[in-house]
Amino acid sequence: MAETQYYEGLGRRKTATARVRLYPGGNGTIMVNDKAADEYFGRGWDIQQLSEPLVVTNNLAHFNVTVHVNGGGITGQAGAIRMGVARALLKVDPENLATLRKFGLLTRDPRAKERKKPGLKRARKAPQYTKR
């Protein structure tokens, strides 16, 4: 029995992690955690964001995409999927590197929630100062 060939990429954003698989010869369907992408993500912006690497490299209709994502919130998960798709496209064709890098799709977004500090109410908010 022959296994189907796929290209895999791992993406992370904030606390979300996405394992993305691109199956060649598809029609452009995107499945996220065994659901259609538009069913999993309520906002069109998130779907547009995760399909951006495919649109930029003109590969939207050439691959079927399956994703297993966990952790984080909806926006973080969409960002993680976006990076995973970009990394998988890099394995498909290394010539995509210049295009993906130009649109900033291979750069890990380092922004994350800052930890709470002792003596403060949140990460940076201090208790109100009272003079008397």
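The HN-Hα couplings worked out from phi for the range 111-121 by the Karplus form 6.51 cos²θ - 1.76 cosθ + 1.60 (θ = phi - 60°) are 5, 8, 5, 7, 6, 6, 9, x, x, 10, 7 Hz, whole numbers, x standing for Gly and Pro.
If you run the Gaussian network model on the chain, springs between alpha carbon atoms under 10 Å, then out of 37, 88, 61 the most flexible one is 61. In this label model, residue 15 and residue 68 are separated by 2.1 nm, measuring between points 7 Å along each Cα→Cβ vector. Charges on Cβ only, +1 for Lys and Arg, -1 for Asp and Glu, centred on the Cα centroid of the chain; of 58, 75, 48, which one is farthest towards the dipole's positive end? Projecting each Cα onto the dipole axis, the largest value belongs to 75. Of the residues 118, 24, 94, the one that moves most in a GNM of the chain with alpha-carbon contacts below 10 Å is 118. When 83, 31 are arranged by Cβ crowding within 10 Å, least crowded first, meaning fewest neighbours, the order is 31, 83. Projecting the Cα atoms of 32, 112, 100 onto the charge dipole of the chain, computed from C-beta unit charges around the Cα centre, puts 112 farthest toward the positive end. Computed 3J(HN,Hα) for the range 8-13, one whole-Hz value per residue from the Karplus formula 6.51 cos²θ - 1.76 cosθ + 1.60 where θ = phi - 60°, is 10, x, 10, x, 9, 7, glycine and proline marked x. Normalised by the number of residues in the range 7-102, the mean separation of alpha-carbon contacts (under 8 Å, six or more apart) gives a relative contact order of 45 percent. Within the listed set 103, 63, 41, the residue fluctuating most in the Gaussian network model of the chain (springs between alpha-carbon atoms under 10 angstrom) is 103. About the centre of its Cα atoms, the range 7-102 shows a dipole size close to 380 debye [charges on the beta carbon of Lys, Arg (+1) and Asp, Glu (-1) only; nearest 20 debye]. When GluC sites (Glu not before Pro) are flagged only if DSSP places them in a loop and at most 11 other Cβ atoms lie within 10 Å, the longest unflagged stretch of the chain comes out as 4-113.
Residue-wise HN-Hα couplings along the range 42-48, as the Karplus relation 6.51 cos²θ - 1.76 cosθ + 1.60 with θ = phi - 60° gives them from phi, are x, 8, x, 4, 5, 5, 5 Hz; Gly and Pro carry x.
Angle check, please: helix 74-92 long axis (alpha carbons) against the longest principal axis of the chain (alpha carbons), in degrees 0 to 90, nearest 10. So the helix axis and the longest Cα principal axis differ by about 40 degrees.
Taken together, the values in this text are just the output of simple stated rules run on the coordinates, not laboratory data. Given the structure is predicted, the values throughout are model-derived calculations rather than measurements. Virtual Cβ from ideal backbone geometry, glycine too; neighbours counted across all protein chains shown.
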